[in-house]
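To start, the structure under review is shown below, and the notes come after it.
What follows draws every value from the coordinates through simple rules; no lab data is involved. Note that the structure is a prediction, hence the values are computed from the model and not measured. All Cβ positions, even for glycine, are placed from backbone atoms using ideal geometry, and neighbour counts span all protein chains on display.
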Amino acid sequence: MEKVSNFRDVSIPKEWDRKGLPSWTYKSKQLLEIEKESLFFNHWQLICHQSDLSSIGDFLTFDLCNERILIIRDNENIIRAFYNLCRHRGSRVMANKKGNCTAIVCPFHGWVYNLDGTLRGASQPKSFPKFNKKDFGLKKIECEIWNGLVFIRLNKGPQKSVKCLMSPFSEELGNYKIDKMVPTDGIWTQRTEVNWKSVRDVDNEGYHVPMAHPSLQDLYGKNYFDEPFVNGISKTHASFSGKTARNWSVKNYKRFSSPASHLPDKYKNSWNYFGIFPNAVIAVTPETVQFYQEFPISTDLTLLRGSIYRHKNETRQQRVARYLSNRIDNHTVAEDVQLTIWSNESMNSKSFEGFYLSDLEYGVKSHHDHMRRQIPILKIEKQPDEHLIYKLNKEMLENISLK
Ligand code: FES
Ligand SMILES: [Fe+2]
């Protein structure tokens, strides 16, 4: 066992099964439904930063695997999460992606809700028998704010609080004063025609960086290190190489990088990435914090989503550095999107025998292991009958809990 973390008790075994998930798991519609329930709905999902909703009445909406979400800052200054679903006939109560309001007015028949989700009143109330308004508030969603980042969870799951989940990194991330940061360009989204796991597989290892990401290679060189997933979190550390960069953006980024004065020296020359199972990453640089994540739309369509935040009193130099780091990131995202497409395509080839992973790709293995624990049918190599997948997985889960 090789010790690989300064932060946690993490090691990589000398001998391990170097296979990835079987190819059918990237194509099965039934499995995707199980993944939504067992991974996306019952694990914490990072939705935004509290500064995306800076004023009372600010809201944003988001569709998480067909479930409509509304996040809003109420009159008490509390950020709350609800299903964006009218209690009358199920319309979206908020049609826009973001905005500000003094009340939530359903665009279908005009039922009005207060900012705390309680029903203020139905339109033409005399057309209904008398009912208790308390029974018709917007349905609440569990919401937790950690370091200024807003997380929601639709169903209770294996993770405790976000605070508890992220505790191994709380001291390090506390140095960045993320809660004081403000948005830059808002939340971005992009669709890509692959299974969501192909996106995560690519992002969970840095073995591809020297070949596929010339800019990052120029920035970090060999000073890049992935820690695997343990207890739902992972980390990647990348400190700037001492070599002169060839890439224009990297060369100038290194020149202009201007860390905030509150950042301890050891974080001033590095980019660090904190993975949150199953689908999100918080990335910090000396100038910014960002999150990015992926959500399945169908077995072969995925929504990429993210946002970048900056220091409130950003200096001119930090602004330049942020512009340059954005250029580096944009190249990286485009390169990764192509890699995910090629990786996902391989799942359709009869001749592909599956992954054969390097020690440097142990992050992929540890993510797959986390998924296998939640969805044991992922361990089955040969594709089961599609209509039996749900039943078989349930039986396997029951057998595990009996042991
Ligand atoms: S569906 Fe909202 S008022 Fe009718
Ligand atoms: Fe990459």
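In terms of the Cα gyration tensor, with a ≥ b ≥ c the square roots of its eigenvalues, is segment 102-254 rounded because a/c is under 1.5, prolate because a/b exceeds b/c, or oblate?
prolate
Report the label-to-label distance for K126 and K268 in nanometres (one decimal), using points 7 Å from each Cα along the Cα→Cβ vector.
7.3 nm
Given segment 244-403, report the % of alpha carbon pairs whose separation exceeds 19 Å.
Counting pairs separated by more than 19 Å, the tail of P(r) holds 69 percent.
What is the ratio of the Cα radius of gyration of segment 176-282 to 2.2 N^0.38 Å, with N the residue count, to two decimals?
For segment 176-282, the normalised Cα radius of gyration is 1.18.
Of K243/K365; K98/K140; K36/K391; K98/K126; K365/K403, which pairs sit farther than 21 Å apart, going by alpha carbon to alpha carbon?
Those over the limit are K243/K365; K98/K126; K365/K403.
Using a cut-off of under 15 Å, list every residue of segment 325-344 whose amide N is near the label point 7 Å from the Cα of K27 along the Cα-to-beta-carbon line.
Only 343-344 pass the distance filter.
If you wrap a convex hull around the Cα atoms of segment 44-156, how much volume per residue is inside, in Å³?
Numbers: hull volume 11.5 nm³, N = 113.
It comes to 102 Å³ per residue, whole-number rounded.
Between D179 and K379, with labels modelled 7 Å along Cα→Cβ, what's the label distance in nm to one decimal, could you check?
Placing both labels 7 Å along Cα→Cβ, they lie 4.2 nm apart.
What is the distance in Å between the Cα centroid of segment 113-150 and that of segment 340-383?
Value for the Cα centre distance between the two parts: 42 Å.
Anything in the chain that counts as a DSSP H helix reaching 24 Å or more along its axis (C-alpha) with Kyte-Doolittle mean of at least -1.0? List them, would you?
On the way: long enough: 316-346 (46 Å, -0.95).
Span-like helices in the chain: 316-346.
For the chain, rounded, prolate or oblate, judged on the Cα gyration tensor with a ≥ b ≥ c (square roots of eigenvalues), a/c < 1.5 rounded, else prolate if a/b > b/c?
oblate
Would you list, by chain and number, the aspartates and glutamates whose Cα falls below 14 Å from the Cα of K268, excluding same-chain residues fewer than 8 positions away?
Here the aspartates and glutamates satisfying the reach criterion relative to K268 are E172, E287.
Take R305, R316, R372 and order them by how many other Cβ atoms sit within 10 Å, fewest up front.
Ordered by Cβ neighbours within 10 Å, fewest first: R316, R372, R305.
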